[in-house]
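See below for the structure under consideration.
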Amino acid sequence: MSCCGIWEKFDEKNNLIKEYKYWKLLIRNKHVKLGSCVAITKRHMASFSEINEDEIKEYAELVKDIEKALKKSFNYDVIHHLMLMFFDKHTHFHIIPRYEKPRDFANLEWIDDWNPDPLVQKREPLSQNILNKIKEKIMINLK
């Protein structure tokens with residue numbers, strides 16, 4: 001178990017999309033919007049001000065990679081990058097695509113309720129099988 005439990009909380013074992021030198025990109029297991037991801041620093045930092053130049057440069061690369069892959073995968077309309085850290089005291093960003101119109105994927109209709117808080121959505125938890133389908137689609141388009 002990690003020092004703060006972040007890897008277990010986001011289920012790195014099952015949800016890792018890509019490992020960078022300083023970051024890990026995972027599909028978000030509490031999947032509120034189609035393609036929801038989380039980018040987590042590999043080094044434990046309880047405050048974003050602890051980040052170094054190499055880590056921030058690599059995050060810029062990760063952002064370009066995931067935005068391109070999510071656009072190609074699901075054609076989002078808007079994307080949010082949120083660092084909240086209310087519960088998980090380890091530097092990470094939630095990457096949440098938003099959709100003006102419903103999307104169909106994995107035999108599900110994905111409707112974005114346009115709640116101003118993109119982490120809020122009335123949705124049943126998804127099975128790991130559905131999460132894997134989303135993850136695989138993103139991984140194909142991340143190349």
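Being surrounded by 15 or more Cβ atoms within 10 Å (Cβ to Cβ) and at positive phi holds for only one residue in Asp11, Asp65, and it is Asp11. Screening Asp104 against (1) under 15 Å from the mean Cα position of the chain (by Cα); (2) of a type outside the set (Ser, Thr, Tyr); (3) modelled with pLDDT of 95 or more leaves a single unmet condition, (1). Of all residues in the range 19-41, which are part of a loop (DSSP other than H, G, I, E, B) and open to solvent by 40 Å² or more (accessible area, probe 1.4 Å)? Those that are part of a loop (DSSP other than H, G, I, E, B) and open to solvent by 40 Å² or more (accessible area, probe 1.4 Å): Lys21, Tyr22, Asn29, Lys30.
In contact (Cβ under 8 Å) with a residue 40 or more places away in the chain, of a type outside the set (Phe, Trp, Tyr), closer than 16 Å to Lys135 by Cβ and out of contact with any strand residue (DSSP E or B) (no Cβ under 6 Å at 6 or more places or on another chain): is that true of Asn15 in this structure? So Asn15 does not fit the description; no.
Within the range 84-101, the set of residues being under 17 Å from Lys64 (Cα atoms) and at pLDDT below 90 comprises just one member, His92. Residues in the range 50-78 that are among the hydroxyl-bearing types (Ser, Thr, Tyr) and assigned to a helix (DSSP H, G or I): Tyr59, Ser73. Note on the range 55-64: residues that are more than 12 Å from the chain's Cα centre (by Cα), touching a residue at least 24 places away in the same chain (Cβ under 8 Å) and within 23 Å of Asn141 (Cβ to Cβ) total 3. Within the span defined as the range 125-138, one or more residues are modelled with pLDDT of 90 or more, among the charged types (D, E, K, R) and in contact with a Ser or Thr (Cβ under 7 Å, 6 or more places away or on another chain).
Is one or more of the residues making up the range 42-54 in contact (Cβ under 8 Å) with a residue 24 or more places away in the chain, of a type in the set (D, E, K, R) and open to solvent by less than 70 Å² (accessible area, probe 1.4 Å)? The answer is no, given that none of the residues of the range 42-54 is in contact (Cβ under 8 Å) with a residue 24 or more places away in the chain, of a type in the set (D, E, K, R) and open to solvent by less than 70 Å² (accessible area, probe 1.4 Å).
The values are calculated or read from the model by the stated rules, or taken from the named source; none is laboratory data. None of these values were measured; they are calculated from a predicted model. Neighbour counts run over all protein chains shown; Cβ positions are idealised from the backbone, glycine included. When the accessible area is computed, the model is the full protein with side chains, heavy atoms only, and any ligands, DNA or RNA have been set aside. Shrake-Rupley method; radii C 1.70, N 1.55, O 1.52, S 1.80 Å.
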